[in-house]
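Data block below; observations after.
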Amino acid sequence: EADIYQTPRYLVIGTGKKITLECSQTMGHDKMYWYQQDPGMELHLIHYSYGVNSTEKGDLSSESTVSRIRTEHFPLTLESARPSHTSQYLCASSGGDSTYEQYFGPGTRLTVT
Amino acid sequence: KNQVEQSPQSLIILEGKNCTLQCNYTVSPFSNLRWYKQDTGRGPVSLTIMTFSENTKSNGRYTATLDADTKQSSLHITASQLSDSASYICVVSDRGSTLGRLYFGRGTQLTVWP
């Protein structure tokens, strides 16, 4: 089992609140990713990072922001949560081997009321 | 456009039976294809990974095949168990960037009944 962790696992929060979803990995991977997944739908890449101080937006436009100050930590922040942000958020990391294997965390199920 | 299509969308089988899930892709240039298992409320876990030169890969009761010419893959599950109930996702990686961009299918939701 991969050593990648996400907290909280479940979060129910009111509209307008600021939230931070935590993601950490202990594998020393350079590349990290955030995906958004709605029920029955494919994963969509919303942010990624090649390493410390590197952050890029993914394919799916998102109002969230990320930071990468430490190799092992890749938090995602929503400044003002809205019901449209309700979704599952999955964090992943990759060691950059030739297969680009990505290891996923357990996910955070976010509900904005 | 790089796409991954899976069928069927959902499948119900009885415990002990076999089943086969299908995946068609248009991702180019192709690097590798993986099958992930995703339990409800969990992150995906890799089952198999195949590169261009491989046409079959097994992991216990899971056997994946790849036809790079027709851009098709299948995942065969033998002697299904209740714990096989999950979403099975086909994921294709391209060679076009150092990021290792992954393209995800929507998954096949498998339910195994006792």
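The values are calculated or read from the model by the stated rules, or taken from the named source; none is laboratory data. Note that the structure is a prediction, hence the values are computed from the model and not measured. Virtual Cβ from ideal backbone geometry, glycine too; neighbours counted across all protein chains shown. For accessibility, only protein heavy atoms count, side chains too; no ligands or nucleic acids. Shrake-Rupley method; radii C 1.70, N 1.55, O 1.52, S 1.80 Å.
Charges at C-beta only: +1 for Lys and Arg, -1 for Asp and Glu. How large is the resulting dipole of the stretch A:56-113 about its Cα centre, in Debye rounded to 20? Could you put the intermediate results ahead of the total?
Details: 5 positive and 7 negative charges, 47 e Å.
So the dipole magnitude of the stretch A:56-113 works out to roughly 220 debye.
For the stretch A:27-108, evaluate the Debye formula with one uniform point scatterer on each Cα (no solvent term) and list log10 I(q)/I(0) at q = 0.21 Å⁻¹, rounded to two decimals.
Those come out to -0.98, one per q.
Expressed in nm to one decimal, what extension gain is obtained for the pair B:Ser74 and B:Thr20 from 0.36 nm per residue of sequence separation less their Cα-Cα distance?
Details: separation 54, 0.36 × 54 = 19.44 nm, distance 0.65 nm.
The span from B:Ser74 to B:Thr20 would gain 18.8 nm if fully extended.
Could you tell me how far the Cα centroid of the stretch B:2-63 sits from the Cα centroid of the stretch A:1-62, in Å?
23 Å
Isolated Cys in chain B by the 4.7 Å beta carbon test?
B:Cys19
Could you tell me the extents of the protein assembly as shown's C-alpha atoms along the three principal axes, largest first, rounded to whole Å?
Projected onto the principal axes, the Cα atoms of the protein assembly as shown cover 48, 39, 32 Å.
Less than 20 Å apart at the alpha-carbon level, and either on another chain or at least 8 residues along: which aspartates and glutamates does that give for A:Lys17?
Straight-line reach from A:Lys17, under 20 Å: A:Glu63, A:Glu79.
I'd like to know which of A:Met41, A:Thr65, A:Val12 lies farthest towards the positive end of the charge dipole of chain A, counting +1 on Cβ of Lys and Arg and -1 on Cβ of Asp and Glu.
A:Val12
So, R0 is 41 Å and r is the distance between the beta-carbons of A:Tyr5 and B:Glu5; what FRET efficiency does that work out to, to 0.05? The partial results should precede the final answer.
Values: r = 32 Å, r/R0 = 0.79.
For R0 = 41 Å, the calculated efficiency reads 0.80.
Where is the GNM fluctuation largest for chain A (alpha-carbon springs, 10 angstrom cutoff): A:Glu63, A:Glu22, A:Glu72?
A:Glu63
Given springs between every Cα pair under 10 Å in a Gaussian network model of chain B, which of B:Leu66, B:Leu11, B:Leu21 has the largest fluctuation?
Judging by the Gaussian network model, the answer is B:Leu11.
To the nearest whole number, what is the average tally of beta carbon atoms from other chains within 10 Å of the beta carbons of peptide A:39-46? Show your work: numbers first, answer last.
Details: counts 2, 6, 3, 11, 12, 1, 5, 0.
The shielding value for this peptide is 5.
With the other protein chains left in place, how much accessible area per residue, in square angstrom, belongs to the protein assembly as shown at a 1.4 angstrom probe?
Details: 10700 Å² over 227 residues.
With the other protein chains kept in place, the protein assembly as shown gives 47 Å² per residue.
Can you compute the charge dipole magnitude of the protein assembly as shown about its Cα centre, using +1 on each Lys and Arg Cβ and -1 on each Asp and Glu Cβ, nothing else charged? Give it in debye, rounded to the nearest 20. Before the final figure, lay out each step's value.
Numbers: 20 positive and 21 negative charges, 72 e Å.
My answer is approximately 340 debye.
I need the calculated FRET efficiency for the pair B:Arg61 and A:Ser61, taking r as the beta carbon distance and R₀ as 41 Å, to the nearest 0.05.
Values: r = 40 Å, r/R0 = 0.97.
Approximately 0.55, to the nearest 0.05.
If we restrict to alpha carbons, what Rg and Dmax does chain B come to, in Å?
In order Rg, Dmax, the Cα atoms of chain B give 13.7, 45 Å.
Which of the lysines could a cross-linker span from B:Lys57 if the Cα-Cα distance has to be under 24 Å and same-chain partners fewer than 8 positions apart are dropped?
List returned: B:Lys17, B:Lys37, B:Lys71.
To the nearest 20 debye, what charge dipole does chain B have about its Cα centre, counting +1 at the Cβ of each Lys and Arg and -1 at the Cβ of each Asp and Glu? Display every interim value, and only then the final one.
Working: 11 positive and 8 negative charges, 44 e Å.
It comes to approximately 220 debye.
Less than 15 Å from a label point 7 Å out along the Cα-to-Cβ axis of A:Thr77: which backbone N atoms in the stretch A:6-23 qualify, by residue?
So the set is A:17-23.
Other chains' Cβ within 10 Å of B:25-35 residues: what's the mean? Intermediate results must be reported in sequence, preceding the final value.
On the way: counts 0, 0, 0, 0, 0, 0, 3, 4, 0, 4, 0.
Counting Cβ atoms of other protein chains within 10 Å of each residue's Cβ and averaging gives 1.
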